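Undergrad: Input: one structure, supplied below.
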Amino acid sequence: MEITTSTKIVKNELVNFLKNINIKKFLLAFSGGIDSSVLLHALNNLKEDYHINIRCIHINHHLNNNSLDYFNHCVNIFKKYNVAYITGDIHLNGSSNVEEKLREKRYKLITDEVKDDEFILTAHHFDDQVETFFLRLMRGSSPSGLSCMDIFSYINSKPIARPLLKLDKSIIKNYSTDNKVEYIDDITNNLNDFDRNYIRNKVLPLLNNRWKSLNKIMSNNIQQQKIKSYLAKEYMQSKIIKLYNDNNSNELLSAKLIAEDINIQPSLLHEWIKTQTNVSLYNNQIHEILKSVVKAKNDSHPLFEYKTIKITKTQGIIYLEKIKS
C-alpha cells in the first residue's frame, strides 16, 4: 500500500518527537475521537521500531446517552491494538463552568494515574491551538496566556506532551481517511453552549472563509505572543525579587508592591503566583487579590483561596501557600 502524504507527515512528526525525548513510556489520553484515534494508530505503528510502551486512559464524562457506547468503542480499540488501558468516570453536579470543571477533573484523574516513568500524551493539533487563542482572548488573557499550548509542559506537576500540536486538523482528517482509522463523533462537540465549541463551529468558519491562510496568520500571532511573554517575564522577575520579604520567594512586602506603578502591579502579582505555584489566575482574580488582600488593612486578616493556592496578609507581608487540592 502506497504511503500517502498525510501519513508521511504524521509519521515524520512523531518520529522527530520520539527521537528528541528520552522517555519510552506514555499514557495516552484517549477519547475515541478522530484526533486521539489517529495518534494511537500512528504510535502503534511505530512502537516496535522505537521500543515505546503505550498505555491508554479513557475518561467517561457521562454528558449524553451515548457515553456507554463511546466507552465500549474505546475498550474495543484498546483490545484491537493490544494496549494496556485504564478508565475513569466524571459526574458533574450543577451547570455552571462545565467546561472548566470537566477539564480540571479530567486532568486530575489522568495525572493521578500517570506513572513516574511515563509522559502524558494528548492529541492536540494546531486548530486546537487557534481555538485556545480565541478562548483565552475573550477571557482577557495576558501574552503568556495567548502563547497558548507548548509541545512540552507540565500539568499538576506531571509532564505532558502534545506531539501533533504543529499539524493542522486537515492533516489528521486525511490520515484517518487514508488509513481507515476507526473513531467516534461525540455529539457534545456540536453543543455550542460550550465556549470552545462555539468558537470552533461558529467563529472560526467565518474567519477561515475571510482569511484563507488563517492558521498561518495565527501561528505568527501566537509566536509574537510567546516573544512578548518571554520579555515580560524577564522584566517582571527582575522586579519581583526586590519585593521579597527576607529573600523568601513565597512572601512579598505589600508596601513595596503598592509602591510600584499601578499599571504593572497586576502583572507582578500574576507572575509571582504563576512562578511559585504554576497556577495562572484570571485578570479579575488578580484585581480581587490586589483589592481585598494586598491593599487590605494589616489587622483585617484577608484571605484569597483558589484551587491549590492560598494568599493571606499579616503585618504587611503577603504570604503565598500551596494547599492540597
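Just so you know, all these numbers are worked out from the coordinates, no wet-lab data involved. Computed from a predicted structure; not experimentally measured. A quick note on method: Cβ atoms are made from the backbone with ideal geometry, for glycine too, and the neighbour counts reach across all protein chains shown.
Undergrad: Could you work out how far helix 67-81 tilts from the main Cα principal axis of the chain, as a 0 to 90 degree angle to the nearest 10?
TA: Result, in degrees: 60.
Undergrad: Could you give the length gained on full extension between Asp299 and Leu207, defined as 0.36 nm per residue of separation minus the Cα-Cα distance, in nm?
TA: 27.8 nm
Undergrad: When a/c reaches 1.5 or more, the comparison of a/b and b/c decides; with that in mind, is segment 137-225 rounded, prolate or oblate per its Cα gyration tensor?
TA: rounded
Undergrad: Ok, one more. Kindly express, to the nearest 10 degrees and within the range 0 to 90, the angle between helix 214-240's C-alpha long axis and the longest C-alpha principal axis of the chain.
TA: 30 degrees
Undergrad: Under a cut-off of 23 Å between alpha-carbon atoms, report the lysines in cross-link reach of Lys47, not counting same-chain residues fewer than 8 places apart.
TA: Here the lysines satisfying the reach criterion relative to Lys47 are Lys8, Lys11, Lys19, Lys24, Lys25, Lys79, Lys80, Lys115, Lys158, Lys166, Lys173, Lys180.
Undergrad: Could you please state, rounded to a whole Å, how far the C-alpha centre of segment 266-325 is from the C-alpha centre of segment 32-89?
TA: If you average the Cα positions of each part, the centres end up 40 Å apart.
Undergrad: Something else: Which label belongs to the value computed from this structure, given these candidates for percent of Cα pairs over 35 Å apart: (1) 30; (2) 40; (3) 23?
TA: (1)
Undergrad: If we sort 223-229, 284-290, 259-265 on the protection proxy, mean other Cβ atoms within 10 Å, highest first, what's the order?
TA: Taking the mean over residues of other Cβ atoms within 10 Å, the ranking is 284-290, 223-229, 259-265.
Undergrad: If you don't mind, another one. What FRET efficiency comes out for Gln315 versus Asp261 if R0 is 22 angstrom and r is the Cβ-Cβ distance? Round to the nearest 0.05.
TA: 0.35
Undergrad: Along the Cα-to-C-beta direction of Ile86, a point sits 7 Å from the Cα; which residues of segment 103-118 have their amide N less than 18 Å from that point?
TA: 104-118
Undergrad: Of Asp112, Asp168, Asp128, which has the largest mean-square fluctuation in a 10 Å C-alpha GNM of the chain?
TA: In the Gaussian network model the winner is Asp112.
Undergrad: Now, a different point. Residues with beta-carbon under 14 Å from that of Arg103, excluding Arg103: net charge, scoring Lys, Arg +1 and Asp, Glu -1?
TA: Spelling it out: positives minus negatives among the neighbours equals +2.
Undergrad: Moving on to the next point. Quote to one decimal, in nm, the extra length available between Ser249 and Asp117 on full extension: 0.36 nm per residue of separation minus the C-alpha distance between them.
TA: Residue separation times 0.36 nm, minus the Cα-Cα distance, leaves 44.5 nm.
Undergrad: Straight distance only, please: which lysines reach the Cα of Lys313 with their own Cα at less than 26 Å, same-chain residues fewer than 8 apart left out?
TA: Lys233, Lys239, Lys242, Lys256, Lys274, Lys291, Lys295, Lys297, Lys322, Lys324
Undergrad: While we're on this one: Does segment 246-322 classify as rounded, prolate or oblate by the C-alpha gyration tensor (a ≥ b ≥ c root eigenvalues; a/c under 1.5 gives rounded; else a/b over b/c gives prolate, otherwise oblate)?
TA: Note, shape of segment 246-322 comes out rounded.
Undergrad: Using only Cα atoms, find the angle between the long axis of helix 98-113 and the longest principal axis of the chain, and express it within 0 to 90 degrees, rounded to the nearest 10.
TA: Helix 98-113 and the main axis of the chain meet at about 80 degrees.
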